[in-house]
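What follows is a short report on a single structure.
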Amino acid sequence: MVTNITNLGRSGLSDWLVQRASAIVLALYTLFIVGYLLFSPGLDYATWSGLFAQTWMRIFSLLAFVSLSAHAWVGLWTVTTDYLKPTGIRIAAQSIIILAIFVFLVWGIQVLWGA
Amino acid sequence: MPKCPAAGQESVYRAVNSKRPVNLDLSTIQFPLPALTSIVHRITGVILFIGLIFGFWALDASLSSAEGFASVQDALAHNFLAKLIAWGLLSALAFHFVAGIKHLLMDIDIGVTLEGGVKKAQITVAVSAVLIILAGVWVW
């Protein structure tokens with residue numbers, strides 16, 4: 001089996017599965033958020049923050065953010081590995097991407113549990 | 001030059017290594033539709049990642065306080081640039097979503113033929129075009 005030390009699961013098959021599982025979570029979360037916004041025309045702060053105060057919504061959102069982190073890394077790793085051939089530039093780009101994903105994840109957790 | 005494995009394969013070996021004309025000028029190559037939807041899937045993925053800055057900003061602001069919620073609402077209602085970004089990101093999301101569903105269908109062996117690939121690429125373009133227009137209607 002072909003392994004690579006920089007991808008998420010150290011094997012293409014593992015990354016393939018992670019990408020599919022995270023895609024399904026993200027698809028469900030997207031449908032939920034878009035559906036919620038579409039069917040709440042006069043949405044106010046109390047209702048919106050009330051939604052995100054629910055434990056199930058925080059769990060669903062955190063699951064989506066973690067899935068997003070994995071999904072973004074597998075996807076952007078693939079894209080950067082395909083198009084950025086010079087090793088130095090690729091490693092630099094991938095490092096920035098990992099840092100950005102980490103920032104988004106911590107930011108997301110902070111939004112969910114309030115600062 | 002590595003040694004040729006067997007005498008009978010020498011002609012094949014020479015043909016493969018011959019200096020045949022190679023065209024790598026992408027601007028002269030007509031890409032089939034599935035190739036185009038594939039690259040757009042990648043491009044929209046990169047756009048969505050960059051767009052997360054706006055998504056998390058809007059989520060953070062809208063949940064921080066009633067004033068923050070009002071500022072996000074106001075930006076999406078009156079700020080042209082905010083509307084444009086929202087529409088752009090919704091469009092990228094729509095395409096990425098539909099193309100992703102196409103991938104999942106292929107994973108369960110639906111339409112994994114040359115004709116099926118072209119047809120699914122056409123459906124991907126058509127469905128996302130409709131969703132992009134609907135997203136524009138939603139934003140404006």
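The values are calculated or read from the model by the stated rules, or taken from the named source; none is laboratory data. Only a predicted model underlies this, so the values are computations on that prediction, with no experimental measurement involved. Don't worry about glycine lacking a Cβ; one is built from the backbone with ideal geometry, like all the others, and counts go over all protein chains shown.
Give the stretch A:10-24 a look and list any residue that's aliphatic (A, V, I, L, M) and more than 12 Å from chain B (Cβ to nearest Cβ), or say none.
Residues satisfying the conditions are A:L13, A:V18.
Return the residues of the stretch A:34-49 that are loosely packed, with under 15 Cβ neighbours inside 10 Å, in contact with a helix residue (DSSP H, G or I) (Cβ under 9 Å, 6 or more places away or on another chain) and either within 11 Å of chain B (Cβ to nearest Cβ) or modelled with pLDDT under 95 (or both); say none if nothing qualifies.
A:L37, A:L38, A:S40, A:D44, A:A46
For the structure I just gave you, tell me whether A:S61 is modelled with pLDDT of 95 or more, closer than 30 Å to B:V137 by Cβ and not acidic (D, E). Step through it out loud before you land on a result.
On the way: modelled with pLDDT of 95 or more: yes; closer than 30 Å to B:V137 by Cβ: yes; not acidic (D, E): yes.
So A:S61 passes the test.
Can you spot a residue in the stretch B:80-91 that is more than 27 Å from A:H71 (Cα to Cα), at pLDDT 95 or above and either surrounded by 15 or more Cβ atoms within 10 Å (Cβ to Cβ) or not small (G, A, S) (or both)?
Among the residues of the stretch B:80-91, at least one is more than 27 Å from A:H71 (Cα to Cα), at pLDDT 95 or above and either surrounded by 15 or more Cβ atoms within 10 Å (Cβ to Cβ) or not small (G, A, S) (or both), which makes the answer yes.
If you take just the helices (runs of 4 or more DSSP H) that sit entirely in the stretch A:1-104, which of them hold at least 3 residues that are of a type in the set (A, V, I, L, M) and farther than 28 Å from B:G136 by Cα? Spell out how you get there, then give the answer.
Details: elements: A:12-38, A:45-53, A:55-83.
The helices (runs of 4 or more DSSP H) meeting that bar are A:12-38, A:55-83.
Pull up the stretch A:106-115, narrow it to residues that are more than 18 Å from A:T30 (Cβ to Cβ) and part of a helix (DSSP H, G or I), then point me to the one that is farthest from the chain's Cα centre (by Cα).
Step one: filter the stretch A:106-115 for residues more than 18 Å from A:T30 (Cβ to Cβ), giving A:106-107, A:109-110, A:113-115.
From what's left, part of a helix (DSSP H, G or I): A:106-107, A:109-110, A:113.
Numbers: A:V106: 12, A:W107: 12, A:I109: 12, A:Q110: 15, A:W113: 18 Å.
Here the answer is A:W113.
Within the stretch B:106-131, take every residue that is in contact with a Lys or Arg (Cβ under 7 Å, 6 or more places away or on another chain), surrounded by 14 or more Cβ atoms within 10 Å (Cβ to Cβ) and assigned to a helix (DSSP H, G or I) and give me the one that is farthest from the other protein chains (Cβ to nearest Cβ). So that I can check it myself, show each step before the final result.
Keep residues of the stretch B:106-131 that are in contact with a Lys or Arg (Cβ under 7 Å, 6 or more places away or on another chain), which gives B:107, B:111, B:120, B:124.
Then keep just the ones that are surrounded by 14 or more Cβ atoms within 10 Å (Cβ to Cβ); that gives B:111, B:120, B:124.
Applying the additional criterion that residues be assigned to a helix (DSSP H, G or I) yields B:120, B:124.
On the way: B:K120: 16, B:T124: 15 Å.
Checked the stretch B:106-131; the qualifying residue farthest from the other protein chains (Cβ to nearest Cβ) is B:K120.
Somewhere in the stretch B:82-101, is a residue over 21 Å from the mean Cα position of the chain (by Cα), farther than 24 Å from A:L76 by Cα, within 10 Å of chain A (Cβ to nearest Cβ) and of a type outside the set (A, V, I, L, M, F, W, C)? Don't jump to the end; show me each part of the working.
Here is the first cut: in the stretch B:82-101, the residues over 21 Å from the mean Cα position of the chain (by Cα) are B:82-83.
Okay, now just the ones that are also farther than 24 Å from A:L76 by Cα, so B:82-83.
In the following step, the residues that additionally are within 10 Å of chain A (Cβ to nearest Cβ) were identified as none.
Taking every residue of the stretch B:82-101 in turn, none turns out to be over 21 Å from the mean Cα position of the chain (by Cα), farther than 24 Å from A:L76 by Cα, within 10 Å of chain A (Cβ to nearest Cβ) and of a type outside the set (A, V, I, L, M, F, W, C).
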